[in-house]
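The values are calculated or read from the model by the stated rules, or taken from the named source; none is laboratory data. Bear in mind that the values here come from a model prediction, so they are computed numbers and not experimental data. Heads up, the Cβs are rebuilt from the backbone with ideal geometry, glycines too, and the neighbour counts pull from every protein chain shown.
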Amino acid sequence: MSASEGTKNTNTEPWGGFDDNIIIQGSGSAVIDMENMDDTSGSSFEDMGEMHQRMKEEEEVAEEDGGEEEDGGEDGEFLGMKGLKGQLGRQVADEVWQAGKRQASKAFNLYANIDILRPYFDVEPVQVRNRLIESMVPLRMINFPQKIAGELYGPMMLVFTLVAILLHGMKTSGTVIREGTLMGTAIGTCFGYWLGTSSFIYFLAYLCSAQITMLQMLSLLGYGLFGHCVVLFVTYNVHFHSLFYILWLVIGGLSTLRMVAVLISRTVGQTPRLLLCGTLAALHMLFLLYLHFAYHRIVEGILDTLEGANVPPIQRVARDLPNVASAVMNATVKSVAVLVHSQ
Amino acid sequence: MAEVEELNKPLFAGLSDVSIAEDIPVEGDITVPLSSHGVDDEVSTLDEPVKDTILRDLRAVGQKFVHVMYPKESSALLRDWDLWGPLLLCVSLALMLQGSAADNQNDSGPQFAEVFVIIWFGSIIITLNSKLLGGTISFFQSLCVLGYCILPLTVAMLVCRLVLLGSAGSVSFIIRLVVVTASFCWSTFASTAFLADSQPPNRKALVVYPVFLFYFVIGWMILTFSPSH
C-alpha cells in the first residue's frame, strides 16, 4: 500500500511508519477541519491500536470500491483527517524530542563531564600519606624549582575533614541552636578559604611571574591545611590557651614554611618573593587563628566571667542562648576548667 | 571532469539534509519494538490497585534492608537500585533529630534541612569521588548503597531516643556512645562491602575514607543530640 506512491519512501513497518507522504500531504492541505479533532491525537501510543484498526478498515473499503476510492485512499492513506492530525503532531513531537535530546547531551558532555577531573584523582594511598607527611617538612633547597604534585584528592579530603572538625568544635563550644546556619558557615568557610586564597595567591603569582599553575596552587594550599586539621583537632578537645599558641606557632609555622619555601623556589627576585610569601604566610596563620577563636570565643568568655548571657561581639552568627542551655553549659565548663587547672 | 564535479555537487549539497532524515528511521526502528512491550507493561501496572504497587515497592525496600543488615550478598542492592529506601531513612532520621524543636523557634527548619543536605550532598560527593577514582559502579547505584547503609544509624537513633527517655546521665551517655559507635562501624563496613568491590584493589582505602567521614559526621550528630525536656 505504501509502495503505490512514486516519492521517496522510508517505511519498513507494517503499519506504515512515519511517512514523508504525510508531511507533504499535511503541508499541502491548508485547511484543517477542526470538527474532526481527535481527543487522543497527540503523543500517545494508544493511538497505534486505533490506527491499526482503522487501517484494516480502510483496506477493506479500498478493496470494495476499487478504482474510485483509489485517489481518496492515497490521499488519506492513513486514515482521514483524524489520524492525519495525530500523525503529524506525533512526528513533530518526535523531532522536537530528538533535537532537544541531542542538544542536552551535547551540553552535558561538554560541561558535566567529570572525566576532565579524572587525571587529578589518580593517586595511591601511599602517595597521599607521603604527601601529608611532606607537607609538614620545610625544604632546604630553594634554588631549584621544587616539584609540586598536581592532585586534588588529598586536598579535597583535607577540606572535608576540616569541615567535620569545625562542626565538632562548634558543637562542643555549646551552640545547641541554629545548627543549620553553622553547618553552612563551616562548609562555606573551609571551601571559601581553599578556593579563594588559592585564586588570590595564583593571581599574585601571575603578577610576580612565579612559575606555578592553578592546580598546583590548589594542591599546595590543600595539603597545607593538614597542619590546621591537626591543631584544631587537638585544641578543640583540650581547652588550654597556651597549648594552642604553641601548636599554632610550631605546626602552623611548619606547614607555612613548607609552602613558602616551595613558592620561593619558583620565584625570581627579592621583592616578588617577599610579596608572595608574606601574603601567603599571613593568610595561612591568620586563618588558623580565626578558626580557633571564632568558634571558641564563647567558651573563653564563660571561663573568664562565668556569666550566662555574655555574648562576645565578634560572633558573626547570632547565638541566642536560653538560660537553660547556658546553665547546663556553665556547669560542664566549670567542671572542665576545674579538671584542667588541677592538672 | 567538470561533469563529474557537477554530478558531485548536488550529492554533497544534499548531505546536510540526509543526516537528519537518516536519524529518524534508525531511531524509529530501535524504539518501536520497545514501545510495543511498553504498551503491555504500562497497561498491566497501571490497572492494578494502588495497594499492590505500594506493597511491591515496600517489599523490595524491605528486602534491601535485610541485605544491609546482613551484608553477605553484594549484588541485590546494586542490580535493582531504588531511592525509596534512602528517602525513607533520611526523612525518618531527620525527623528524629529535630525533636528538641518545641521550645526554640528556629530549630525545626534548619535541623531537618541540615540532615537532609548533609546526607544527600555527602552521598553525591562520595559517589563522584569513587567514580573519579576509577569505580565501575553507576551514579544512582552508589547513591542507593550509601542511602541504604544509613539504616544501622537510624536504628541507633531510635535506641538513643529511647535511652534518653529514661535518663540523661553519664550511664546513658556511655550506652549511647557504644550503640552509636557500633552502628557507625556497621554502616561503614556494610557500605564498603558493596562499594569497594567496584574499585581497583589497591585503592580501597581512598574510597573508604570519605565514607568513614560521612558516617562519622552522621553518628556525631546522633550522639550529640539532646532533646530539651
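Can you name the residue in the range B:160-171 that is farther than 15 Å from B:Leu95 by Cβ and crowded, with 16+ Cβ neighbours inside 10 Å and is also modelled with the lowest pLDDT among such residues? Write out each step before concluding.
The initial filter retains those residues of the range B:160-171 that are farther than 15 Å from B:Leu95 by Cβ, namely B:162-171.
Now narrow it down to the ones that are crowded, with 16+ Cβ neighbours inside 10 Å: B:163-164.
Numbers: B:Val163: 88, B:Leu164: 84.
So the residue we want is B:Leu164.
For the range B:184-206, the criterion of a residue being of a type in the set (Lys, Arg) and more than 14 Å from chain A (Cβ to nearest Cβ) is satisfied by no position. Residues in the range A:244-257 that are within 22 Å of A:Leu276 (Cβ to Cβ) and buried (at least 21 other Cβ atoms within 10 Å of the Cβ): A:Gly252, A:Ser255, A:Thr256.
Cβ separations smaller than 8 Å between residues 6+ apart or across chains give the following pairs from the range B:37-57 residues that are more than 14 Å from chain A (Cβ to nearest Cβ) to residues that are at pLDDT 80 or above: B:Thr45/B:Thr53; B:Asp57/B:Asp82; B:Asp57/B:Trp84. Right, B:Gln141: in contact with a Leu (Cβ under 7 Å, 6 or more places away or on another chain), modelled with pLDDT of 85 or more and surrounded by 16 or more Cβ atoms within 10 Å (Cβ to Cβ) or not? So B:Gln141 fits the description; yes. Might you let me know whether the range B:162-170 holds any residue that is more than 14 Å from chain A (Cβ to nearest Cβ), in contact (Cβ under 8 Å) with a residue 40 or more places away in the chain and under 20 Å from A:Thr172 (Cβ atoms)? Yes, that holds for at least one residue.
Mind telling me which of the residues B:Leu93, B:Leu88 ends up being closer than 28 Å to A:Val159 by Cβ, at pLDDT 85 or above and assigned to a helix (DSSP H, G or I)? Give the steps one after another, and end with the answer.
Values: B:Leu88 fails: closer than 28 Å to A:Val159 by Cβ.
When all the criteria are applied, what remains is B:Leu93.
In summary, B:Ile174 fulfils each of the numbered conditions (1) over 22 Å from B:Gly62 (Cα atoms); (2) free of Cβ contacts under 8 Å to residues at least 40 places away in the same chain; (3) in contact with a Ser or Thr (Cβ under 9 Å, 6 or more places away or on another chain) with the single exception of condition (3).
For the range B:118-138, a residue qualifies if it is free of Cβ contacts under 8 Å to residues at least 24 places away in the same chain, of a type in the set (Val, Ile, Thr) and surrounded by fewer than 20 Cβ atoms within 10 Å (Cβ to Cβ), and exactly one does: B:Ile124. Taking the conditions exactly as written (facing chain B (nearest Cβ under 10 Å), surrounded by 16 or more Cβ atoms within 10 Å (Cβ to Cβ) and modelled with pLDDT under 90), does A:Leu167 satisfy them or not? In short, yes. Annotation: of all residues in the range A:91-140 being among the polar types (S, T, N, Q), under 30 Å from A:Ala281 (Cβ atoms) and assigned to a helix (DSSP H, G or I), the one that is nearest to the other protein chains (Cβ to nearest Cβ) is A:Gln127. Consider A:Leu88 carefully, then state whether it is modelled with pLDDT under 90, over 33 Å from the mean Cα position of the chain (by Cα) and part of a helix (DSSP H, G or I). Here the answer is yes, as A:Leu88 does meet what is asked.
What helices (runs of 4 or more DSSP H) lie completely within the range B:111-229 and have 1 or more residues being closer than 24 Å to A:Tyr120 by Cβ?
On the way: elements: B:139-148, B:151-166, B:170-195, B:204-223.
Correct list: B:139-148, B:170-195, B:204-223.
Looking only at residues in the range A:97-116 that are modelled with pLDDT of 80 or more and of a type in the set (A, V, I, L, M), which one is farthest from A:Pro155 (Cα to Cα)? Quick ask: steps written out before the conclusion?
Of the residues in the range A:97-116, the ones modelled with pLDDT of 80 or more are A:97-106.
So of that shortlist, the ones also of a type in the set (A, V, I, L, M) come out as A:99, A:104.
Working: A:Ala99: 41, A:Ala104: 32 Å.
Out of the qualifying residues, it is A:Ala99.
Within the range B:173-217, the residues that satisfy the criterion of being of a type in the set (Ser, Thr, Tyr) and buried (at least 16 other Cβ atoms within 10 Å of the Cβ) are B:Ser183, B:Ser187, B:Thr188, B:Ser191, B:Thr192, B:Ser198, B:Tyr209, B:Tyr215.
Residue check: is A:Pro145 modelled with pLDDT under 90, outside any helix (DSSP H, G or I) and surrounded by fewer than 16 Cβ atoms within 10 Å (Cβ to Cβ)? Steps first, please.
Working: modelled with pLDDT under 90: yes; outside any helix (DSSP H, G or I): yes; surrounded by fewer than 16 Cβ atoms within 10 Å (Cβ to Cβ): yes.
Yes, satisfied.
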